[in-house]
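The values are calculated or read from the model by the stated rules, or taken from the named source; none is laboratory data. Bear in mind that the values here come from a model prediction, so they are computed numbers and not experimental data. Here Cβ is always computed from backbone atoms with ideal geometry, including for glycine, and neighbour counts include all displayed protein chains.
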Amino acid sequence: MSYILNIETATTNCSVSLSKEGEILVLKEDYNSNYSHAESLHLFMDAVLKEANLKPEDLNAIAVSRGPGSYTGLRIGVSSAKGLCFSLDKPLIAVDTLESLSHQLNIEEGCIVPMLDARRMEVYAAVYDKDHQQIRPIEAEIVDANSFKTFLEAGKVYFIGNGVEKTKQIITHPNALFIENKLPSANEMGKLATIKYKKSDIENVAYFEPFYLKDFIGTKAKS
């Protein structure tokens, strides 16, 4: 029997869940437009364990969303996960953020494009089939009218994530379907993390780093 603590901080949604054999027992998240990770993450971790009547040492593993996504958000989530793994001597599992996001949709035909907002007209996106198998790798791309044209001409394409808001203004193909107001959540991480745990697909805690996809570019504070 495996208990896994799942941490998702790749976007503004600070999300933590506790899963048992892949099924979510408890979920705590702050699903809004502001980053609250520094204030909420450890409170949520404590809350899900308390609600499940478990102690940290009862966990079998810690899972974290690996990216891509917000540089700061990913740093906070991964640092917290690694700290728990070190202190509890538990394995670390990394779950692809976009793969997890794709599991918010169950479709009978077509494909799913989970996309996260990047700078300007850029998004981080991948393409998954109806069985959530990746059919195009993760890329950072500037969205234009011809983006995902091959997939759109082949059938329905479901776009999901916070990259949808700007994408729907540009892609007008009749096969494009936009699922709005959705962010990556720890709710979808339980099953994916459990599959990896059972295969011993774990990370080196000391050397693991988030998948940023692109280098971080800081901005100067306004005086």
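Would you confirm whether any residue within the range 143-151 is under 20 Å from Gly67 (Cα atoms) and surrounded by 12 or more Cβ atoms within 10 Å (Cβ to Cβ)? Quick ask: steps written out before the conclusion?
At the first step, the residues of the range 143-151 found to be under 20 Å from Gly67 (Cα atoms) are 143.
Still in the running and surrounded by 12 or more Cβ atoms within 10 Å (Cβ to Cβ): 143.
The answer is yes; a qualifying residue exists.
Would you mind finding the one in Ser79, Ser70, Ser65 that is touching a helix residue (DSSP H, G or I) at 6+ places or on another chain (Cβ under 6 Å) and under 20 Å from Lys28 (Cα atoms)? Write out each step before concluding.
Working: Ser79 fails: touching a helix residue (DSSP H, G or I) at 6+ places or on another chain (Cβ under 6 Å); Ser70 fails: touching a helix residue (DSSP H, G or I) at 6+ places or on another chain (Cβ under 6 Å).
Just a single option satisfies the conditions, and that option is Ser65.
All but one of (1) more than 30 Å from Met45 (Cβ to Cβ); (2) among the polar types (S, T, N, Q); (3) surrounded by fewer than 16 Cβ atoms within 10 Å (Cβ to Cβ) hold for Thr167; which doesn't?
(3) is the only condition that Thr167 fails.
Looking only at the range 190-209, count how many residues are in a helix (DSSP H, G or I) and out of contact with any strand residue (DSSP E or B) (no Cβ under 9 Å at 6 or more places or on another chain).
Step one: of the range 190-209, the residues in a helix (DSSP H, G or I) are 190-198.
Narrowing further to those that are out of contact with any strand residue (DSSP E or B) (no Cβ under 9 Å at 6 or more places or on another chain): 195, 198.
The total comes to 2.
Would it be correct to say that Lys50 is more than 19 Å from the chain's Cα centre (by Cα) and surrounded by fewer than 18 Cβ atoms within 10 Å (Cβ to Cβ)?
Numbers: more than 19 Å from the chain's Cα centre (by Cα): yes; surrounded by fewer than 18 Cβ atoms within 10 Å (Cβ to Cβ): yes.
When the stated conditions are applied, Lys50 passes them.
When both residues are 6+ apart or on different chains and their Cβ atoms are under 7 Å apart, which pairs have a first residue that lies in the range 134-146 and is outside the structural domain of Tyr124 (by TED's automatic domain parsing), and a second that is among the hydroxyl-bearing types (Ser, Thr, Tyr) and modelled with pLDDT under 95?
none
Any residue in the range 47-61 that is modelled with pLDDT of 95 or more and closer than 19 Å to Ala118 by Cα?
Step one: filter the range 47-61 for residues modelled with pLDDT of 95 or more, giving 47-61.
Applying the additional criterion that residues be closer than 19 Å to Ala118 by Cα yields none.
Checking the range 47-61: not a single residue is modelled with pLDDT of 95 or more and closer than 19 Å to Ala118 by Cα.
Tell me, which residue of the range 53-69 that is assigned to a loop (DSSP other than H, G, I, E, B) and touching a residue at least 60 places away in the same chain (Cβ under 8 Å) is surrounded by the fewest Cβ atoms within 10 Å (Cβ to Cβ)? Can you show your working first?
Step one: list which residues in the range 53-69 are assigned to a loop (DSSP other than H, G, I, E, B), which gives 53-55, 59-60, 66-69.
Still in the running and touching a residue at least 60 places away in the same chain (Cβ under 8 Å): 60, 66-69.
Numbers: Asn60: 15, Arg66: 25, Gly67: 26, Pro68: 25, Gly69: 30.
Ranking the qualifying residues of the range 53-69, first place goes to Asn60.
Filter the range 6-50 down to the residues that are assigned to a strand (DSSP E or B) and under 21 Å from Arg75 (Cβ atoms) and list them by number. Walk me through it before giving the result.
If we filter the range 6-50 for residues that are assigned to a strand (DSSP E or B), which is where we start, we get 6-8, 14-20, 23-30.
Those that are assigned to a strand (DSSP E or B) and under 21 Å from Arg75 (Cβ atoms): Asn6, Ile7, Glu8, Cys14, Ser15, Val16, Ser17, Lys28, Glu29, Asp30.
Within the range 43-60, does at least one residue satisfy the condition of being closer than 20 Å to Ile195 by Cβ and either touching a Gly at 6+ places or on another chain (Cβ under 7 Å) or outside the structural domain of Ile142 (by TED's automatic domain parsing) (or both)?
Step one: of the range 43-60, the residues closer than 20 Å to Ile195 by Cβ are 59-60.
After this cut, where a residue has to be either touching a Gly at 6+ places or on another chain (Cβ under 7 Å) or outside the structural domain of Ile142 (by TED's automatic domain parsing) (or both) as well, the list is 59-60.
Within the range 43-60, one or more residues are closer than 20 Å to Ile195 by Cβ and either touching a Gly at 6+ places or on another chain (Cβ under 7 Å) or outside the structural domain of Ile142 (by TED's automatic domain parsing) (or both).
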